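I have a structure here, written as structure tokens, and I will follow up with some questions on it.
Each value in this text was obtained by applying a stated rule to the coordinates, not by laboratory testing. Nothing here was measured: the structure is a model prediction, and the numbers come from that model. Heads up, the Cβs are rebuilt from the backbone with ideal geometry, glycines too, and the neighbour counts pull from every protein chain shown.
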Amino acid sequence: MSVKEGLRDDVVTAIKTVYDPEIPVDIYELGLIYEINVFPVNNVYVLMTLTSPSCPAAEVIPEETKQKIQAIEGVNDVEIELTFDPPYTQDMMSEEAKLELGFM
């Protein structure tokens with residue numbers, strides 16, 4: 001495994017510690033993370049969404065995600081970009097999240 005792959009795995013692990021306060025499933029399993037890129041100087045870019053544009057945790061979730069990634073040893077810079085295109089749907093959840101929330 002390359003350093004880049006290892007760092008990406010660490011980023012995913014960190015993201016899985018961030019929860020939407022209203023839903024008992026982490027944001028990764030919820031399907032809120034659209035893209036994770038680790039660039040050569042260990043800069044991390046995450047493209048993510050929220051369950052809705054008016055999500056009460058709209059300020060908290062991206063900031064907490066950034067802080068958790070920034071805390072990983074070796075990470076240089078973190079950029080979190082929010083998008084609502086495509087809009088979030090429950091189909092984006094992992095099977096694990098659907099099971100946890102009783103959708104299966």
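Run the reach check for K16 against lysines, Cα to Cα strictly under 18 Å, same-chain hits fewer than 8 apart removed. What comes back?
K66, K68, K98
Does anyone have the angle between helix 60-70 and the longest principal axis of the chain? Alpha-carbon axes, 0 to 90°, nearest 10?
Long axis of 60-70 versus the principal axis of the chain: about 30 degrees.
Could you pull out the chymotrypsin sites (Phe, Trp or Tyr not before Pro) across segment 10-104 that fall in loop regions by DSSP (anything but H, G, I, E, B) with no more than 13 other Cβ atoms inside 10 Å?
Numbers: sites: Y19, Y28, Y34, Y45, F84, Y88, F103; in loops: F84, Y88, F103.
Sparse-neighbourhood loop chymotrypsin sites (Phe, Trp or Tyr not before Pro): F84, F103.
While we're on this one: Would you work out which of L32, P56, A71 lies farthest towards the positive end of the dipole of segment 3-90? Charges go on Cβ: Lys and Arg +1, Asp and Glu -1.
A71
Related question: Sequence gap at least 6, Cα distance under 8 Å: using those rules, report the relative contact order of the chain to the nearest whole percent. Walk me through the numbers before you get to the answer.
Working: 146 pairs, mean separation 31.0, N = 104.
Averaging sequence separation for qualifying contacts and normalising by length gives 30 percent for the chain.
Using only Cα atoms, tell me the angle between helix 3-15 and the longest principal axis of the chain; keep it within 0 to 90° and round to the nearest 10.
Helix 3-15 sits roughly 30 degrees off the main axis of the chain.
Related question: Give the order of I27, I33 when sorted by the count of other beta carbons within 10 angstrom, beginning with the fewest. Working shown, then result.
Values: I27 25, I33 21.
Sorted ascending by nearby Cβ count, the order is I33, I27.
Determine the dipole magnitude for the chain: charges of +1 sit on the beta-carbon of Lys and Arg, -1 on that of Asp and Glu, nothing else is charged, the reference point is the Cα centre, and the result goes in debye to the nearest 20. Numbers along the way, then the final one.
Numbers: 6 positive and 20 negative charges, 28 e Å.
Its charge dipole is roughly 140 debye.
Next up: If I model a spin label as a point 7 Å beyond the Cα along the Cα-Cβ vector, how far apart are those points for M104 and D77 in nm?
3.9
Just want the ordering: D9, D85, D20, from fewest to most Cβ atoms lying within 10 Å of their own Cβ. Walk me through the numbers before you get to the answer.
Numbers: D9 12, D85 6, D20 18.
The most exposed by this proxy come first: D85, D9, D20.
Just for the chain, what percent of DSSP beta bridges are antiparallel, to the closest 5?
Values: 6 of 12 bridges.
The antiparallel fraction comes to roughly 50 percent.
Just need log10 I(q)/I(0) for the chain at q = 0.12, 0.13, 0.24 Å⁻¹, Debye formula, equal scatterers on the alpha-carbon atoms, no solvent, rounded to two decimals.
Values, matching the q order: -0.38, -0.45, -1.32.
Within segment 63-104, find all residues whose amide N lies under 15 Å from a label point positioned 7 Å from the Cα of E22 along Cα-to-beta-carbon.
88-90
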